[in-house]
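Enquirer: Before I ask anything, let me first share the structure, which is written out below as structure tokens.
Derivation of every value follows stated rules applied to the coordinates shown; laboratory data play no part. Please read these numbers as outputs of a predicted model, since none were measured by experiment. Backbone-built Cβ (ideal geometry, glycine too); neighbour counts: all protein chains shown.
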Amino acid sequence: MRKAEKLEVRTLSKKKTVNQLQEEVDTYISQFKEGYFSPLAMMARMTEELGELAREVNHYYGEKPKKASENEKEIKEELGDLLFVLICFANSLGIDLEEAHDTVMKKYNSRDKDRWTRIDSEGKGNKK
């Protein structure tokens, strides 16, 4: 294995922050003249990828098995495709996904704090 290949394998296998994922995708997209697609095209791509994910979930957990002629794909791969397009969408709009996540978690932690049954220290449900 060449030195560059070892570096790529090591880079692709270590844990990354969301910001690092956004930077990695931006570096990839920035090498092409076309750059990011328009927001509307990104929505279409996300919808397409979500449909592919739904199809795999249906094959694994639903009542519709794959046809013998269909290629094997994994849910993990489809989630990765969806994540890539989501990151492209955020990058194209200048949205920091870590900030977006923090904002959403604050909302859920305040709005829904008493909505669900919490697990107490003994592992039992405890609605507070």
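Enquirer: Using a 7 Å offset from the Cα along the Cα-to-Cβ direction at both TYR60 and ALA41, what is the distance between the two label points in nm, to one decimal?
Expert: The answer from the label model is 3.1 nm.
Enquirer: Which links in LYS14/LYS76; LYS15/LYS107; LYS76/LYS113 stretch past 23 Å when you go from one Cα to the other? Could you put the intermediate results ahead of the total?
Expert: Numbers: LYS14/LYS76 17 Å; LYS15/LYS107 27 Å; LYS76/LYS113 30 Å.
Beyond 23 Å: LYS15/LYS107; LYS76/LYS113.
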